[in-house]
Structures are given as C-alpha cells and as structure tokens.
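Heads up, the thing below is written out as structure tokens.
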Amino acid sequence: WSSDVCSSDLHMRPLEKAQRIELWDDTKIMAGQQWKPEINAALNRAKAAVLLISADFIASDFIVDNELPTLLKKAQSEGTLIIPVILKTSRFLRDARLNTFQAINDPLKPLAELSEIEQEKIYDKICLRIESWLPVAIATP
C-alpha cells in the first residue's frame, strides 16, 4: 500500500502546499512517539479519509477495532468524507460497514489490475473529489 499512498499523495500535494489539506498517514509517527495516541489524534482531526481497501485492510484487527469505528462515527455525526479506494480484490461489496460508501473506483476492477495510466486517473479522481468537497478557497492579494 505504500506506493499507493505515495502516488495519491503526489496528486494531493498541491492542495497541501496551498494549506487546504493536511496529508497524514502513520509514517508521520516519529521513533519514540507513542503511536496509538498519534493515530487517535489524527483520526479525531480528520475531515476526510481515503481508505485503501484490500483483504489486508478488512482483516486488520487494529483497523477494524480502532480506526474504522472512529471514522464511521465521524462520517455519520460530523459528515467526515470517506473515500474507499479498492486496491485489491476483497470482500468490500459484502462488508455492510464499508459498502454504504461509494468507492472512487469500480470494486470489480481494483487498482492492482489496472495499468499505471489508469491508476493515475484514479489518483487524480481522488484529488478532484477532495478538492470539490473542500470549501471554496478565498484568494489573498
């Protein structure tokens, strides 16, 4: 999933540089920091979440028991934007917690099965969705 994070980050980097979003993943946790409070703090700050869906994601006890409940609750109570990205074949369509959210790509055509150019189109689509969801930026002189 690491290369997928890097590729999608590249597309969103201009939004981060313009201070319209903060990109966060667990690679931001520094050696010596307590990782669980850092993850919880990031989840609590999140206004949008890109979920990189694979069998590993769905099978992860930590994600299912700790991260997903927080994000799903925030989606319901605060309108947090949840964007599933189907990386690999998984049970996404059969998972009632997740399949209520429209995936950015066809769950029957995961990113792993697409050409590099088609993957780049999906990464750009993620960025476009987030950009269209953000409040309109006010130009400064």
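None of the figures in this text is laboratory data; all of them are computed from the coordinates on show. Worth saying up front: this structure is predicted, and the values here are computed from it rather than measured. Because the Cβ atoms are built from the backbone with ideal geometry, glycine has one as well, and the counts that use them run over all protein chains shown.
Observations, loosely collected:
- Less than 5 angstrom separates the built amide H of residue 51 from those of 83, 85, all sequence-distant by 5 or more or on a different chain.
- Lysines whose Cα lies under 20 Å from that of residue 28, excluding same-chain neighbours fewer than 8 positions away: 17, 36, 47
- Taking 7 Å steps out from each Cα toward its Cβ at residue 116 and residue 102 produces label points 3.1 nm apart.
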